[in-house]
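K.L.:
Below is the structure I would like to discuss, written out as structure tokens.
The values are calculated or read from the model by the stated rules, or taken from the named source; none is laboratory data. In this text the structure is predicted, and so the values were computed from the model without any measurement. Cβ sites come from the backbone with ideal geometry, for glycine too, and all protein chains shown count toward neighbours. We work out accessible area using only protein heavy atoms, side chains counted, and drop any ligands, DNA or RNA first. Shrake-Rupley method; radii C 1.70, N 1.55, O 1.52, S 1.80 Å.
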Amino acid sequence: MATCDNTLLVLQADGEPIGNGWLRHGHLPEVTYGYSLVVDPEFRGRGHGRSAMAIGEQVTWDVGDRVVMFNVFGGHEAAMSLYTAVGYRVVKETRSRDLAAGVDG
């Protein structure tokens, strides 16, 4: 919990834990990297993700970083929609192909 340059968040609503987050500050110069942001499924769709993003951004600013980065795996539409809605943009995109499905598949 006391790891240098990291912030661990316990997200709460009405005093009840609803998720968590992990930020690594100084990942690159002036860049905080979000390793994790999870809102428990039963609490999704209520604006908690937006609130968590705002808290992460404030923590990032407070430690002196200017940029927040997250990795989003393909198929995670809810996360991609959230990040886009709050102003994040795609910086790099990687694609893959499952060769076990067949070369023509």
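K.L.:
Please list, by residue number, every one of the chymotrypsin sites (Phe, Trp or Tyr not before Pro) in the chain that is coil in DSSP and has at most 11 other beta-carbon atoms within 10 Å.
P.N.:
F73
K.L.:
Please list, by residue number, everything in the stretch 72-87 whose backbone N is under 20 Å from a paramagnetic label point 7 Å out along Cα→Cβ of V63.
P.N.:
Within reach of a label on V63, which here means backbone N under 20 Å from a point 7 Å along Cα→Cβ, the stretch 72-87 contributes 72.
K.L.:
On to the next question. Using modelled amide H (1.01 Å from N, peptide plane; none on Pro or chain starts), what sits under 5 Å from the amide H of F70, excluding residues fewer than 5 places away?
P.N.:
G34
K.L.:
Still on this structure, please answer the following. Return one whole number: the accessible area per residue of the chain in Å², for a 1.4 Å probe.
P.N.:
Spelled out: the 1.4 Å probe surface of the chain, per residue, equals 75 Å².
K.L.:
If we count every other residue with Cβ under 15 angstrom of N6's Cβ, Lys/Arg +1 and Asp/Glu -1, where does the sum land?
P.N.:
Net charge in that neighbourhood comes out at -2.
K.L.:
When only alpha-carbon atoms are used, what values of Rg and Dmax, in angstrom, describe the chain?
P.N.:
That works out to 16.0, 53 Å for Rg and Dmax.
K.L.:
While we're looking at this one, here's another question. Do any GluC sites (Glu not before Pro) in the stretch 1-85 lie in a loop, going by DSSP, with at most 14 other beta-carbon atoms within 10 Å of their beta carbon, and if so which?
P.N.:
Within the stretch 1-85, the qualifying GluC sites (Glu not before Pro) (loop, at most 14 other Cβ atoms within 10 Å) are E30.
K.L.:
Rounded to a whole number, what % of the accessible area of the stretch 34-75 do carbon and sulfur atoms account for, probe 1.4 Å?
P.N.:
Answer for the stretch 34-75: carbon and sulfur cover 52 percent of the accessible area.
K.L.:
Give a residue-ordered list of calculated ³J(HN,Hα) values for the stretch 71-83 (Karplus: 6.51 cos²θ - 1.76 cosθ + 1.60, θ = phi - 60°; whole Hz; x for Gly, Pro).
P.N.:
Along the stretch 71-83, the couplings run 9, 10, 7, x, x, 8, 4, 4, 5, 4, 5, 4, 4 Hz.
K.L.:
Once the piece of chain linking H76 and L8 is laid out straight, how much longer is it, given 0.36 nm per residue of separation minus the C-alpha distance between them?
P.N.:
Gain in length upon complete extension: 22.3 nm.
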